[in-house]
Amino acid sequence: MELLYKLATVEDLDVLTTTRIEVLRAANKLDESEDMSQVKNESYEYYQRALTDKSHIAILVFDGDEFVGTGGVSFYTVMPTYHNPSGRKAYIMNMYTKPEYRRNGIAYRMLDLLIQETKKLGIHHITLEATDMGQLLYEKYGFIKMENQMELPNDI
């Protein structure tokens, strides 16, 4: 297995969009009958805009021509704080490795590359939401659980 880890560019819009839908289907346990056309169109537009204005980076992993995995980071700014004077933050998302390639260190390597790229931009406040499957990976890397974060449900 000879893997290629590639920082995505706008030339990768189709691959990014297709893999985004694959990630969402896997994460939400959705079968092929579920209509994802709107999400696909919006994802394409998001990647096109965000890769151009550099508010998102993504890593694609291939084994030859076969897609193996992906991961991304979205960047945003909040009001400056004592602990984060720039207010710049990063949110890791869309981490996915095809089942047959799991447990080979691919996700760890992708995560490391994403964090290296983020730190090169001077952003050190990095968060993510972990699935049960991904939690051990993130803890191994050094992420810690946050106890005080809250979210308002969509239906309120």
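The values are calculated or read from the model by the stated rules, or taken from the named source; none is laboratory data. None of these values were measured; they are calculated from a predicted model. Every residue, glycine as well, gets a Cβ built from its backbone with ideal geometry; the counts of neighbours run over all protein chains shown.
Would you call residue 108 hydroxyl-bearing (Ser, Thr, Tyr) and either without any contact (Cβ under 8 Å) to a residue 60 or more places away in the chain or in contact with a Phe, Trp or Tyr (Cβ under 7 Å, 6 or more places away or on another chain) (or both)? The answer is yes for residue 108. Considering segment 72-114, and only residues there that are within 18 Å of residue 59 (Cβ to Cβ) and among the polar types (S, T, N, Q), the residue that is surrounded by the most Cβ atoms within 10 Å (Cβ to Cβ) turns out to be 97.
Within the bounds of segment 28-46, is there any residue that is crowded, with 19+ Cβ neighbours inside 10 Å and touching a His at 6+ places or on another chain (Cβ under 8 Å)? There is no residue in segment 28-46 that is crowded, with 19+ Cβ neighbours inside 10 Å and touching a His at 6+ places or on another chain (Cβ under 8 Å).
The set of residues in segment 128-154 that are over 17 Å from residue 95 (Cβ atoms) and in contact with a strand residue (DSSP E or B) (Cβ under 9 Å, 6 or more places away or on another chain) comprises 146, 149.
If you scan segment 8-32, which residues turn out to be among the small types (Gly, Ala, Ser) and either under 12 Å from residue 60 (Cβ atoms) or at pLDDT 95 or above (or both)? Selection gives 8 alone. All conditions but one from (1) of a type in the set (D, E, K, R); (2) loosely packed, with under 14 Cβ neighbours inside 10 Å; (3) in contact (Cβ under 8 Å) with a residue 12 or more places away in the chain apply to residue 117; the one that does not is (2). Here 96, 101, 91 are screened, and the one residue that is under 13 Å from the mean Cα position of the chain (by Cα), of a type in the set (Phe, Trp, Tyr) and modelled with pLDDT of 95 or more is 91.
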